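Colleague: Here's a structure for you.
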Amino acid sequence: MSDATGAPTLRGAAVGRAIGIGLMYGLWKPRVLGAWRVPAAGPVILAVNHSHNIDGPMLMGTAPRPVHFLIKKEAFVGPLDPFLHGIGQIEVDRRVVDRTAIGHALGVLADGGALGIFPEGTRGEGDFASLRAGLAYFAVRGGAPIVPVAVLGSTERRGRLIRGLPPLRSRVDVVFGDAFDANAGDGRRTRKALDEATLRIQAKLTAHLETAKRLTGR
């Protein structure tokens, strides 16, 4: 749910987490590795690879903390609009500099919450090959460590009943990596500093994805 200003609330994200737990563990068999690496308190950014539509809900249902995701505006249609706002998710217009969404995301971090981001910007190969500077901006501006997350197995096979989803009761791996700081420790927020931070982040996320694949045999 949102407060009077439209900002997402922790209570809403907690409801979303409870729903995510029920759905993800009810429909599939998540195997979660390294969840202890997510800081128990304080601001944190969970940077997730994105190759399937269930990747976000899967993280919401397996993360040890409620997560506020930045979600594209196009997903907020029909009954999904009040539902996504109600569970503390953040609507973002990717075509413009969405200052409202930016403010809400920074507000989550300022309140010590967990912000979920698909750093590739959209669903694709899920290999972190193309990162946008938004992740570095939120990490540096919000003073939040980044925890890389790899969701693996969501695209390996198609279900028989619903072709667009993984087979029911199939295993999906969610692997959390070590938290790291995006900046170089000098506090700079210039465009050059953000570009440099983006490169550092990309290297960390790519390395985590490769480690996660080795751990899970995916």
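The values are calculated or read from the model by the stated rules, or taken from the named source; none is laboratory data. Note that the coordinates shown come from a computational prediction; the quantities given were computed from them, not determined experimentally. A quick note on method: Cβ atoms are made from the backbone with ideal geometry, for glycine too, and the neighbour counts reach across all protein chains shown.
Colleague: Test of understanding: among Ala7, Ala114, Ala75, which residue is small (Gly, Ala, Ser), at pLDDT below 95 and within 20 Å of Arg141 (Cα to Cα)? Working first, answer last.
Modeller: On the way: Ala114 fails: at pLDDT below 95; Ala75 fails: within 20 Å of Arg141 (Cα to Cα).
The conditions single out Ala7.
Colleague: Residue by residue through segment 161-199, note down the ones that are under 21 Å from Asp55 (Cβ atoms), modelled with pLDDT under 85 and among the basic types (Lys, Arg).
Modeller: Once the filter is applied, which keeps residues that are under 21 Å from Asp55 (Cβ atoms), modelled with pLDDT under 85 and among the basic types (Lys, Arg), segment 161-199 yields only Arg163.
Colleague: Under the condition of being modelled with pLDDT of 95 or more and part of a loop (DSSP other than H, G, I, E, B), which residue from segment 40-64 is nearest to the chain's Cα centre (by Cα)?
Modeller: Across segment 40-64, the extreme among qualifying residues is Ala63.
Colleague: Only one residue in Met24, Met60 is buried (at least 23 other Cβ atoms within 10 Å of the Cβ) and touching a helix residue (DSSP H, G or I) at 6+ places or on another chain (Cβ under 6 Å). Which one?
Modeller: Testing whether each residue is buried (at least 23 other Cβ atoms within 10 Å of the Cβ) and touching a helix residue (DSSP H, G or I) at 6+ places or on another chain (Cβ under 6 Å) leaves just Met60.
Colleague: Across segment 74-96, which residue is surrounded by the fewest Cβ atoms within 10 Å (Cβ to Cβ) among those that are in a helix (DSSP H, G or I) and not small (Gly, Ala, Ser)?
Modeller: Out of the qualifying residues, it is Glu74.
Colleague: Which one of these does Ile71 not meet: (1) touching a strand residue (DSSP E or B) at 6+ places or on another chain (Cβ under 6 Å); (2) assigned to a strand (DSSP E or B)?
Modeller: Among (1) touching a strand residue (DSSP E or B) at 6+ places or on another chain (Cβ under 6 Å); (2) assigned to a strand (DSSP E or B), Ile71 violates only (1).
Colleague: Still on this structure: Can we say Arg37 is closer than 21 Å to Pro167 by Cα, over 11 Å from the mean Cα position of the chain (by Cα) and surrounded by fewer than 17 Cβ atoms within 10 Å (Cβ to Cβ)?
Modeller: Against the criterion (closer than 21 Å to Pro167 by Cα, over 11 Å from the mean Cα position of the chain (by Cα) and surrounded by fewer than 17 Cβ atoms within 10 Å (Cβ to Cβ)), Arg37 does not qualify.
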